[in-house]
Amino acid sequence: MAVFDPYFFMLCEKSGVCLCLVYLRHKPTFEILGLLFNISRSKAHETFNYWIEILREILPASQMEEVAGDSEKYQQLRQNLSEYELIIDSAEQAIERPIDYQEQKKYYSGKKKLHTLKNQFIVLPNGADIVDICLGQLGKISDISLFRQTRDKFAVTQKFLGDKAYIGESVITTPHKKPRKAEIYALHKQENQQLSSRRIGVEHMIARVKIFRVASERFRLSLHRYTQVIMTICGLVRLRIKRSSILTVNPLSSVC
């Protein structure tokens, strides 16, 4: 009679990938994760670390990353993107408060009143795909400063859509600001509503990422894992978007 091996799932690819996805989506403790897969807490942690590296390697987190190793494709992508008005927005995620006081000051976000990391998302119109992401920046950095740090990735002629945080940046179309001690014009209000409806694509993309609890709740893993984990989630989101696109173009209902 064969003896049951409690570490069998460490050798099974499907179970290893499943364990990794369960953690990203639901963020249980590694003790609970170990119980779910009938392995120890430490083995659950090791399995997660093993598979997150593999998923990160095979799932590009953005269009920019996909062509990063090919200068010709990169230039072609920049040229193609310049035909669109890309949508930009940032999101902050809470982290554990650092022990060192100087570190606390570095990560403290006055806007959120928490210690956070800031992520910038640039997406295609209607949120069709993630064009570029910038992750793990200090929470206190302003949205417009973060954009200016990454502006050189795109063509000089590239145009963007953004919210009020980007007012003052000439290449970004932003809403009209309400005048001090006055009402906003009706025409400007209507234009703001139209702009908001066009910007909703980036909000939906960020929401797709935040479906994964590890990307929406306080990040409790080591900070050196942050970029790896969030970029893996972006890769998974893009994989689902591409799969949905294929199913839309080739619906099963058309098959007799």
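In degrees, nearest 10, range 0 to 90: what is the angle between the Cα axis of helix 41-58 and the longest Cα principal axis of the chain?
Helix 41-58 sits roughly 50 degrees off the main axis of the chain.
Taking segment 38-120, which GluC sites (Glu not before Pro) meet the DSSP loop condition and have no more than 11 other C-beta atoms within 10 Å? Present the calculation step by step, with values, prior to reporting the outcome.
On the way: sites: Glu46, Glu53, Glu57, Glu65, Glu66, Glu72, Glu83, Glu85, Glu92, Glu96, Glu103; in loops: Glu83, Glu96.
Filter output for segment 38-120: Glu83.
What angle, in degrees between 0 and 90 and rounded to the nearest 10, separates the Cα long axis of helix 226-249 from the longest principal axis of the Cα atoms of the chain?
Computed tilt is about 80 degrees.
Would you report the distance distribution of C-alpha pairs in segment 35-120 as whole percents per 10 angstrom bin, up to the bin with the largest distance?
Each 10 Å bin holds this share of Cα pairs: 13, 21, 27, 29, 9, 0.
What is the helix-to-structure angle for 71-81, meaning the angle in degrees between its Cα long axis and the longest Cα principal axis of the chain, kept from 0 to 90 and rounded to the nearest 10?
The helix 71-81 is inclined about 50 degrees to the chain.
Here are some pairs, Lys164/Lys189; Lys112/Lys140; Lys106/Lys159; Lys27/Lys210; which of them have Cα atoms lying more than 20 Å apart in this structure? Show your work: numbers first, answer last.
On the way: Lys164/Lys189 13 Å; Lys112/Lys140 9 Å; Lys106/Lys159 31 Å; Lys27/Lys210 12 Å.
Those over the limit are Lys106/Lys159.
With no solvent and one point on each alpha carbon, what is the Debye value of log10 I(q)/I(0) for segment 22-177 at q = 0.11, 0.15, 0.16, 0.18 Å⁻¹?
-0.61, -0.97, -1.04, -1.14
Given R₀ = 30 Å, what would the calculated FRET efficiency be for Ser82 paired with Glu57, taking r from the Cβ atoms and rounding to 0.05? Write down the numbers at each step before the final one.
Numbers: r = 30 Å, r/R0 = 0.99.
Computed FRET efficiency for Ser82 and Glu57: 0.50.
Rolling a 1.4 Å sphere over the protein heavy atoms, what is the accessible area per residue of the chain, to the nearest Å²? Provide the component values of the computation, followed by the final result.
On the way: 15280 Å² over 256 residues.
It amounts to 60 Å² per residue over the chain.
Calculate how many DSSP beta bridges within the chain are antiparallel, expressed in % of all such bridges and rounded to the nearest 5. Walk me through the numbers before you get to the answer.
On the way: 16 of 22 bridges.
The antiparallel fraction comes to roughly 75 percent.
Please give the direction-averaged projected area of the C-alpha convex hull for segment 97-213, in square nanometres with one decimal. Walk me through the intermediate numbers first.
Numbers: hull surface 38.1 nm².
Mean orientational projected area (segment 97-213, Cα hull): 9.5 nm².
Taking the alpha-carbon distance from Lys111 and a cut-off under 16 Å, which aspartates and glutamates remain once sequence neighbours fewer than 8 residues away in the same chain are dropped?
Asp89, Glu92, Asp143, Asp163
Cut-off under 22 Å on the C-alpha distance; same-chain residues fewer than 8 positions from Lys153 excluded. Which lysines are left, in chain and number order?
Qualifying lysines at Cα under 22 Å: Lys73, Lys118.
How large is ³J(HN,Hα) for each residue in segment 122-128, as worked out from phi by the Karplus curve 6.51 cos²θ - 1.76 cosθ + 1.60 (θ = phi - 60°), to whole Hz, x for Gly and Pro?
Values per residue, Gly and Pro as x: 10, 10, 6, x, 6, x, 5 Hz.
Skipping prolines and chain starts, which residues have an amide H placed within reach, meaning under 5 Å, of the one on Leu161, given they are 5 or more residues away or on another chain?
Those lying under 5 Å, H to H, from Leu161 are Leu86, Ile87, Ile88, Thr173.
The values are calculated or read from the model by the stated rules, or taken from the named source; none is laboratory data. Quick caveat, the model's predicted, so the values are computed rather than measured. Cβ: placed from backbone, ideal geometry, glycine included. Neighbour counts: every protein chain shown. Accessible surface areas use protein heavy atoms only, side chains included; no ligands, DNA or RNA. Shrake-Rupley method; radii C 1.70, N 1.55, O 1.52, S 1.80 Å.
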